[in-house]
Each structure stands twice: as structure tokens, then as C-alpha cells.
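The values are calculated or read from the model by the stated rules, or taken from the named source; none is laboratory data. Model, not experiment: these values are computed from the prediction. Quick reminder, even Gly has a Cβ in these numbers, built from the backbone with ideal geometry, and neighbours come from all protein chains shown. Side chains included, ligands, DNA and RNA excluded: accessible areas come from the protein's heavy atoms. Shrake-Rupley method; radii C 1.70, N 1.55, O 1.52, S 1.80 Å.
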Amino acid sequence: HRTNVNTAGQSDGTTIGWGIRTDIHTKGKGKEFVDRMRAVQGNLPAMMKVQGEFMDWYYKSQRVNNLLTAAGLPIPSTSMYNHRAQAAAVALYDATWLGGNGAKQTGSVGKAKGTGGQLILQAYQAPNETEALRIFYNSNLYMKGKAVGTPAYNRNQRFIEGIRQYHRLIKPTLKK
């Protein structure tokens, strides 16, 4: 079915799983996930298994663990995640979901470099919270003009909370 993501900078695409898109995943491992998800449609446990494997593959392909390590955040495991780092980690993962790890992308003049996880990492590595938020607000990741309560507005708020949490709770604990 078609999905309207209702966010600037994203195209509509045919999805058959969360992020498994027939218009993007047309070859290689991505195509394998499209084919596998098509084959198990209607079998919820099998669909969940394919979805989980897709998410694992996607974040590994985007090297999200490298971004977490560069930010000084713990890498998730099967044990309880540090609650003080949750919002910061979620912001990094969500930005990676929206824009990849961003390592090869650059913004226009006056814009922060990168999109996705790399942009959030850049905000985390800023000298202070004010500069970090300036980086975010001047990025392609920031969804301008979204009404309060919309998904894009809520996503912006989660990014802002992650940046604030990082600068208030995580950064002061990192060794210099």
C-alpha cells in the first residue's frame, strides 16, 4: 500500500514492512527483504521476524554503532540501557533512520553538514547546547513549519530532547 510520510524531504513509496520499500530496495540485500516480506504476508510471526532482521541489517549497514561510539554513548545490548542516555541514543537512531549515517552528504552553504546520524553526532560534538541546537535548526533534518501535534513536530521535539539530554547528562561525564 502507499504511505504518506507527511514530512519534508521524503518521498512517498510503496512499503510492505516498516521501511522495507519496493521503490528503494530494488537490488541486493534490500531486494531480498522485499521478496521475503512479500512471501510471508499475512503470517504475523514470520513478518515480525523478517522486520527485525531488516532493522538489524539497516542499522548495521549505516554503521550506527560507530556513531554511538563516536558520541560516547553505550551500544545497546540485551541488558537495560542507561536511562540517562536513552533520548540521545533514540535521536541518533531516528536521525539515521531518516537520513542514513550522512557521512557522504553535505548541506548548502550556511547549513550544517550531513543529514541523519552524522548530523546528530555533529550536534553532540558541538561545544555547547546552544551551538548544538543551532546546528539542528539549520539542518535539513529539522522539519520547519510543522504544526504542534503533527508527527513531524513530535519528531523535532524528540531530536531537541536528545540533543539537550546529551549536552546536559552525557557530555559532562565524558573524558576530555
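Within segment 120-173, restricting attention to residues that are modelled with pLDDT of 95 or more and among the small types (Gly, Ala, Ser), which residue is surrounded by the most Cβ atoms within 10 Å (Cβ to Cβ)?
In this case the residue turns out to be Ala123.
Of all residues in segment 101-119, which are modelled with pLDDT of 70 or more and open to solvent by 10 Å² or more (accessible area, probe 1.4 Å)?
Asn101, Thr115, Gln118
Which residues, counting only those in segment 76-89, are under 23 Å from Phe136 (Cβ atoms) and either open to solvent by 70 Å² or more (accessible area, probe 1.4 Å) or part of a helix (DSSP H, G or I) (or both)?
Passing the criteria: Asn82, His83, Arg84, Ala85, Gln86, Ala87, Ala88, Ala89.
Write out, first by first residue and then by second, each pair whose Cβ atoms fall under 6 Å of each other, whose residues are 6+ apart or on separate chains, and whose first residue, in segment 160-176, is more than 11 Å from Ala87 (Cα to Cα) while the second is aliphatic (A, V, I, L, M).
His167/Ala132
So for segment 140-149 (the condition being farther than 15 Å from Thr96 by Cβ, charged (D, E, K, R), part of a helix (DSSP H, G or I) and within 18 Å of the chain's Cα centre (by Cα)), does at least one residue qualify?
Scanning segment 140-149, I find no residue that is farther than 15 Å from Thr96 by Cβ, charged (D, E, K, R), part of a helix (DSSP H, G or I) and within 18 Å of the chain's Cα centre (by Cα), so the answer is no.
For segment 30-74, what are the residues that are in a loop (DSSP other than H, G, I, E, B) and either over 17 Å from Ile120 (Cβ atoms) or open to solvent by 80 Å² or more (accessible area, probe 1.4 Å) (or both)?
Result: Val40, Gln41, Gly42, Asn43, Arg63.
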